[in-house]
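The values are calculated or read from the model by the stated rules, or taken from the named source; none is laboratory data. Fair warning: this is a prediction, and the values are worked out from it, not measured in the lab. Cβ coordinates were reconstructed from backbone atoms using ideal geometry, including for glycine residues, and neighbour counts include every protein chain displayed. The accessibility values were calculated without ligands, DNA or RNA, using every heavy atom of the protein model including side chains. Shrake-Rupley method; radii C 1.70, N 1.55, O 1.52, S 1.80 Å.
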Amino acid sequence: MKRLFLLFFLLTSFTAFSQVDTTPPYLRTKLLPNFSLLTIDSVEFDQTILGEGKNTIIMLFNPECDHCQEQLKVLLSIPAVLENSQLILSSIETMEKNRIFYNKFHLEKYPFVHLGKDHKYFFGGYYRPNTIPVLAIYNQRKELLFFNQGNTKRKSWKIF
């Protein structure tokens with residue numbers, strides 16, 4: 001009986017001490033994820049709309065966040081972003097708040113900018129942000145080059 005108890009104890013203790021992988025998914029693959037967002041016109045789009053041969057920048061934001069607005073201004077002031085990138089702006093806020101943000105920054109002037117509501121709450125689980133804005137920059141091969149939570153200055157990116 002003691003041997004049976006000892007065997008049971010040993011087997012259960014191994015599983016109790018095993019660790020669960022808490023690495024965020026973006027660090028496991030380092031590849032651009034499959035995603036689905038809703039435009040301000042409630043049209044669903046995903047990564048298939050992205051053009052080939054361009055960097056992809058994903059920015060998680062809140063339309064009412066001053067830091068997020070400043071981060072967008074920085075992005076739109078960089079010639080390399082304007083010429084060689086596609087920008088995905090992802091928010092979980094209401095369509096109305098996203099529409100106000102879209103109009104405030106006249107994003108219709110930027111065909112490479114795609115603003116969408118993360119209606120499936122995918123990016124929150126994928127990047128596991130602690131704060132916003134979040135920037136994830138992928139190269140032309142859809143590989144992660146840069147990731148940051150909170151505002152960041154252009155000179156810290158070292159990729160543009």
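Excluding TYR126 itself, calculate the net charge of residues whose Cβ lies under 13 Å from the Cβ of TYR126, where each Lys or Arg counts +1 and each Asp or Glu counts -1. Here the charged neighbours net out to +3. Shown in residue order for the stretch 37-49 are the 3J(HN,Hα) couplings computed by the Karplus curve 6.51 cos²θ - 1.76 cosθ + 1.60 at θ = phi - 60°: 10, 10, 5, 5, 9, 6, 9, 7, 9, 9, 5, 5, 7 Hz (x for Gly and Pro).
Taking label points 7 Å from Cα along the Cα-to-Cβ direction, HIS67 and GLU83 give a separation of 3.2 nm. Of the whole protein surface, HIS119 contributes about 60 Å² of accessible area at a 1.4 Å probe radius.
Over the stretch 31-160, what relative contact order in percent results from Cα pairs under 8 Å that are six or more residues apart? Show your work: numbers first, answer last.
Details: 220 pairs, mean separation 43.7, N = 130.
In percent, rounded to a whole number, it is 34.
Stretch GLU143-LYS109 to full length: gain in nm at 0.36 nm per residue minus the Cα-Cα span?
Details: separation 34, 0.36 × 34 = 12.24 nm, distance 2.74 nm.
Gain in length upon complete extension: 9.5 nm.
Applied to the stretch 101-114, the Karplus parametrisation 6.51 cos²θ - 1.76 cosθ + 1.60 on θ = phi - 60° returns per-residue 3J(HN,Hα) values of 4, 4, 6, 4, 9, 6, 5, 5, 6, 10, x, 8, 9, 10 Hz, with x for Gly and Pro. For GLN86, the residues whose modelled amide H falls within less than 5 Å of its own, excluding neighbours fewer than 5 places apart on the same chain, are ASN55, THR56, ILE57.
Accessible area per residue for the stretch 64-112 is 51 Å², calculated with a 1.4 Å probe on protein heavy atoms, without ligands, DNA or RNA.
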